[in-house]
Amino acid sequence: MPAASPSSALPRHARVVVIGGGVIGCSVAYHLAHLGWTDTVLLERDKITSGTTWHAAGLMVAFGSTSETSTELRKYTRDLYGRLEAETGQATGLLLNGFIELASDDDRLEEYRRVSAFNRHCGVDVHEISPREVKELFPLAKIDDVRAGFYVKEDGRVNPVDVTMALAIGAKKRGARVIEDTPVLEVLTEGSKARRKVRGVRTPHGDIACDVIVNCTGMWARQLGADLGITIPNQAAEHYYLITERIPELSPHWPVIEDPGCHGYYREEGGGLMIGLFEPVCAPWKIDGIPSDFSFGEIQPDWDRMGPYLERAMSRVPISEKVGVKKFFCGPESFTPDLKPIVGEAPEVRNYFVCAGLNSIGILTGGGLGRVMAHWITTGQPDVDVTGMHIDRLHRYQTNPDYRRTRTVESLGLVYQCHYPFRSMTTARDCKRSPLHDRLASQRACFKDVSGWEGADWYAPVGVKPQVGALGWDRPHFWPHWEAEHRAVREGVVVMDMSFMAKLEVQGRDAGRLLDRLSANAVNEKDGVVTYTQWLNERGTLEADLTVTRLDEERFLVVASDTAHRHVETRLRRAIEDDGGHAFVTDVTSGLVQINVQGPRSRPLLQSITSADVSNEAFAFRAAREIDIGFARALCLRITYLGELGYELYVPTEQAVHVYDRLVAAGASHGLVHAGLKALASCRMEKGYRDYGHDIDNTDSVLEAGLGFAVALDKPGGFVGRDAVLAQKARGPLQKRLVQVLLTDPEPLLFHAEVVWRNGVRVGYVRAASYGFTLGGAVGLAMIEADRPIDQAWLDAGTWEVEIGNRRAPARASLRPLYDPSNARIRL
Ligand SMILES: Cc1cc2nc3c(=O)[nH]c(=O)nc-3n(C[C@H](O)[C@H](O)[C@H](O)COP(=O)(O)OP(=O)(O)OC[C@H]3O[C@@H](n4cnc5c(N)ncnc54)[C@H](O)[C@@H]3O)c2cc1C
């Protein structure tokens with residue numbers, strides 16, 4: 001046992017206290033120690049691994065994700081576990097006998113082919129194999145309905161307890177202290193509410209003062225965070241595996257098999273077969289709170305509920321139906337609202353880091369997550385794209401008991417479902433509605449989940465039901481309606497409710513100076529001007545992508561996307577705190593709706609309902625001013641995210657319906673069409689407009705993202721990240737750039753993570769995509785890397801293809817948007 005007991009005196013001070021001795025806490029401590037932060041104490045309530053880690057099945061699988069970050073974490077973890085024994089002397093039980101994902105229906109075959117292509121690009125050696133080859137590798141598997149297997153020779157399994165012990169030993173060897181039987185009762189903070197930061201932890205054996213804490217308490221993380229109002233909405237659920245009696249025919253050298261279609265995974269365990277389950281409808285566990293004394297605990301299995309799933313899972317390896325059951329195990333694992341981990345510094349308290357909510361892949365990503373956390377804590381920045389897993393994407397209401405009870409069922413169920421494009425979460429819906437919701441519903445909107453809001457995705461014509469319908473990889477059933485909305489944007493006028501956008505009002509004598517310092521563009525020049533800008537960090541990589549509107553000298557409106565809401569707000573509040581200047585932030589998201597009126601005919605429509613002059617001369621592109629509409633006042637911004645002449649109206653919530661009604665009534669004679677988020681996506685993608693967290697992220701520099709045009713390098717006072725931008729410019733032409741790719745064949749579709757080839761060589765992948773109805777094919781934004789400068793001449797000289805599943809489609813690549821590259825249409 002590597003840990004010290006609490007009787008050996010608790011240190012009074014440590015640089016970092018890691019709370020929780022599961023695989024995650026031990027990995028964080030290990031990596032901090034490796035980076036030289038050896039003044040680290042890990043406190044474990046009971047014994048190392050006593051929470052969830054001790055009973056994990058230990059699958060080590062690099063295959064399966066279309067996230068670059070997740071794939072990197074998986075590969076790193078596998079490599080790390082491979083070298084831990086030599087470093088620590090502690091065996092890890094790593095057995096890399098291979099892994100096979102089975103596709104037993106057409107949709108999964110398509111999904112895994114797409115995932116395979118992406119994973120190969122990320123360095124995972126995965127091959128599609130025939131059912132016969134599956135049988136050769138795992139002779140006890142039934143293969144009559146198997147379409148193909150996806151085989152990774154280097155994957156396999158590990159012993160979760162041993163690997164966690166090895167990480168703890170590795171941390172201790174470098175000077176970290178690991179102390180068991182010491183629960184953290186409270187995290188201590190200092191400073192007023194707005195400036196709170198960590199100052200220590202309280203335990204039954206005394207306090208430890210520290211600079212940083214890392215909450216790695218697994219399924220207890222929400223409860224520990226709640227004491228300080230920190231939003232960590234993970235929730236435990238029952239999670240099962242069965243181990244059969246000995247099966248002499250089974251070899252421990254066979255690969256692990258996973259068959260989502262049968263809800264199961266399979267590997268040898270102690271001479272018998274382990275069958276792990278991910279059921280489509282699960283049971284959350286202990287909504288009210290995880291008991292503080294639950295250690296090495298098991299949950300009484302629910303045979304009745306699990307029986308049908310188990311039967312189906314066993315049918316994949318029929319011999320398992322004939323031998324006895326040695327153990328049917330149920331233990332808790334915690335799941336998150338979107339099946340992504342909860343990682344990073346909490347917005348509510350400085351130096352309070354969290355790494356929890358591992359959604360059943362804590363062992364196979366734990367090494368990598370520990371590395372990312374340690375890098376983040378020691379340098380202040382993560383070195384991978386964290387936009388999808390950052391703790392600040394989550395909202396307070398998501399910790400509600402009803403929310404967790406409901407959403408967890410969907411999250412766990414999603415693990416083994418086919419991951420179709422266009423899928424939206426279906427549970428815990430209807431909890432955030434724009435004031436226009438009922439109006440849009442009566443216009444036959446089909447809604448989807450947009451950060452918890454009901455967002456109109458597309459509108460059904462009369463006679464068509466506004467429903468999601470069957471999911472698949474081909475053109476969705478709503479294709480013609482989507483196309484009609486897209487064309488209305490390009491040729492007529494549309495109304496679009498985007499009230500879910502994050503809206504922050506910033507006021508004060510120093511508000512302009514502070515916003516200008518945060519923004520790479522010049523945002524503090526003239527009243528009544530809206531400016532598109534990025535916020536950077538000191539490394540010059542992206543933190544936010546938004547607009548800043550100067551309403552007057554001391555009043556600004558910041559508008560960012562829904563997913564960036566708390567990230568932007570936290571960054572802004574902290575910048576103000578650090579500066580000490582006279583500026584105040586108010587979150588006005590709920591107080592203002594955003595109604596978009598967009599398209600070449602938007603001007604005559606708007607003019608017909610306001611006395612304000614909205615001609616190009618009087619109301620130029622980027623102008624912002626209050627206008628009257630009916631009995632209401634609306635802030636009107638002439639700006640677009642669709643690539644056309646257009647206006648965004650910000651209307652007080654209580655006047656939203658009134659303004660909307662006026663607009664729609666007048667719209668009848670202007671051919672006004674209701675358009676949804678599908679049309680937004682396809683129009684913005686044709687125009688190459690970026691979406692933070694989708695096609696650009698915290699690892700990209702503003703220049704690589706192609707946003708140099710929005711950087712005011714010479715503005716007085718500079719801005720955060722300016723030196724890094726200048727340094728990158730000085731290094732010469734870029735070898736990494738975001739480019740637009742357009743398929744020249746109108747048939748194939750792009751969604752995300754398709755690999756891009758130039759002259760038969762992989763050069764990048766599509767980060768986000770849609771369909772360009774005007775351009776005539778699928779269109780996406782891809783980050784491309786080369787060993788030479790990337791310019792348009794190099795793009796034009798290449799033969800471009802995009803890999804979709806196991807075929808390649810010809811494409812064009814362009815640095816400038818292929819739709820309206822001169823911006824003529826937005827300046828009409
Ligand atoms: C049946 C099953 C099978 C699984 N199979 C796999 C698999 O094959 N591959 C895979 O990658 N993952 C698997 N998992 C998931 C994996 O086990 C978890 O993701 C992982 O163990 C989570 O690690 P953790 O460190 O976050 O949590 P934990 O292991 O629960 O660690 C948290 C620790 O914090 C301690 N703690 C809590 N509160 C305090 C406090 N106040 N003060 C101090 N300490 C505290 C707890 O005692 C606990 O030891 C499986 C899970 C289950 C249930």
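Pairwise over distinct Cα atoms, reciprocal of the mean inverse distance: report the Kirkwood radius of segment 166-302 in Å, one decimal place.
Values: mean 1/r = 0.0527 Å⁻¹.
Computed over segment 166-302, the radius equals 19.0 Å.
Summing +1 for each Lys or Arg and -1 for each Asp or Glu, what net charge is found among the other residues whose Cβ lies under 15 Å from the Cβ of Arg827?
Details: positive: Arg603, Arg622, Arg638, Lys687, Arg825; negative: Glu617, Glu644, Asp820.
With Lys, Arg at +1 and Asp, Glu at -1, the neighbours total +2.
How many percent of all Cα-Cα pairs in segment 344-438 sit more than 23 Å apart?
Above the 23 Å cut-off, segment 344-438 has 41 percent of its Cα pairs.
On a 0 to 90° scale, report how tilted helix 677-686 is relative to the longest principal axis of the chain, with both axes built from alpha carbons and the result rounded to the nearest 10.
The angle comes out near 80 degrees.
Accessible area per residue, 1.4 Å probe, Å², for the chain: what's the number?
Each residue of the chain exposes 36 Å² on average to a 1.4 Å probe.
In this model, which of Lys47/Lys153; Lys142/Lys326; Lys153/Lys326; Lys47/Lys286 are farther than 27 Å apart at the alpha-carbon?
Over 27 Å apart, Cα to Cα: Lys47/Lys153; Lys153/Lys326.
From the backbone phi of segment 716-731, what are the Karplus-calculated ³J(HN,Hα) couplings (6.51 cos²θ - 1.76 cosθ + 1.60, θ = phi - 60°) in whole Hz, Gly and Pro given as x?
Coupling constants for segment 716-731: x, x, x, 7, 4, x, 4, 4, 5, 5, 4, 5, 5, 4, 5, 6 Hz.
Enumerate the whole-percent occupancy of each 20 Å bin, from 0 to the last occupied one, for all C-alpha pair distances of the chain.
Pairs per bin, as whole percents: 15, 47, 33, 5, 0.
Rank-order 619-631, 259-271, 739-751 by packing density, defined as the average count of other C-beta atoms within 10 Å over each peptide's residues, highest first.
259-271, 739-751, 619-631
For the chain, which whole percent of the accessible surface, found with a 1.4 angstrom probe, sits on carbon and sulfur atoms?
Values: 14860 of 29980 Å².
The C+S portion of the solvent-accessible surface of the chain is 50 percent.
With each pseudo-label sitting 7 Å past Cα toward Cβ, what's the Asp723-Ala665 distance in nm, one decimal?
Between Asp723 and Ala665, the label points sit 5.9 nm apart.
Can you compute the modelled spin-label distance between Ala209 and Glu245, with each label point 7 Å from Cα toward Cβ, in nm?
In this crude label model, Ala209 to Glu245 measures out at 6.4 nm.
Set the Förster radius R0 to 51 Å, insert the Cβ-Cβ distance between Thr586 and Arg807 as r into 1/(1 + (r/R0)^6), and round the FRET efficiency to 0.05.
So the FRET efficiency works out to roughly 0.50.
Which parts of segment 438-454 would a label at Lys465 reach, counting a residue when its backbone N lies under 18 Å from a point 7 Å out along Cα-to-Cβ?
Under cut-off, by backbone N: 441-448.
Divide the volume of the convex hull of the Cα atoms of segment 688-784 by its number of residues and quote the answer in cubic angstrom per residue.
In segment 688-784, the Cα convex hull volume per residue is 116 Å³.
When the gyration tensor of segment 490-565 is built from Cα positions, what are the square roots of 5 times its three eigenvalues, in whole Å, from largest to smallest? Walk me through the intermediate numbers first.
Values: eigenvalues 100, 56, 29 Å².
Calculated on Cα positions only, the semi-axes equal 22, 17, 12 Å.
Determine the distance separating the Cα centre of segment 512-536 from the Cα centre of segment 620-642; give it in Å without decimals.
Cα centroid of segment 512-536 versus Cα centroid of segment 620-642: 19 Å apart.
Take the alpha-carbon centre of segment 391-439, take the same for segment 33-103, and report the distance between them in whole Å.
29 Å
Angle check, please: helix 656-667 long axis (alpha carbons) against the longest principal axis of the chain (alpha carbons), in degrees 0 to 90, nearest 10.
The angle comes out at about 60 degrees.
If each of Asp79 and Phe709 carries a label point 7 Å out from its Cα toward its Cβ, how far apart are those two points in nm?
Label at Asp79, label at Phe709, 3.8 nm between them.
Between 0 and 90 degrees, rounded to the nearest ten: what's the tilt of helix 23-34 against the longest Cα principal axis of the chain?
80 degrees
Suppose we keep just the alpha-carbon trace of segment 615-657; what are its Rg and Dmax in angstrom?
Just the Cα atoms of segment 615-657 yield Rg and Dmax of 11.0, 32 Å.
Which value at 222 nm does the chain reach when only helices count, each DSSP H run of 4 or more adding -39,500 (n - 2.57), with the total divided by all residues and rounded to the nearest 500 deg cm²/dmol? Display every interim value, and only then the final one.
On the way: 18 runs with 205 residues, N = 828.
Dividing the helical sum by the residues of the chain leaves -7500 deg cm²/dmol.
How many angstrom separate the Cα center of segment 327-379 from the Cα center of segment 654-704?
Each part's Cα centre sits 33 Å from the other's.
Hey, with R₀ at 45 Å, roughly what FRET efficiency would Leu35 and Arg312 work out to, going by the Cβ-Cβ distance, to 0.05?
0.45
Under the 0.36 nm per residue contour assumption, what length would be gained going from the current alpha-carbon distance of Val657 and Phe328 to full extension?
On the way: separation 329, 0.36 × 329 = 118.44 nm, distance 5.62 nm.
So the extension gain works out to 112.8 nm.
Could you tell me, in Å, what Rg and Dmax come out for the Cα atoms of segment 451-522?
Final numbers for Rg and Dmax: 19.4, 56 Å.
The values are calculated or read from the model by the stated rules, or taken from the named source; none is laboratory data. Keep in mind it's a predicted model, so treat the numbers as computed, not measured. For neighbour counting, all protein chains shown are included, and Cβ atoms are generated from backbone atoms with ideal geometry for every residue, glycine included. SASA here: full protein model, heavy atoms, side chains in, ligands and nucleic acids out. Shrake-Rupley method; radii C 1.70, N 1.55, O 1.52, S 1.80 Å.
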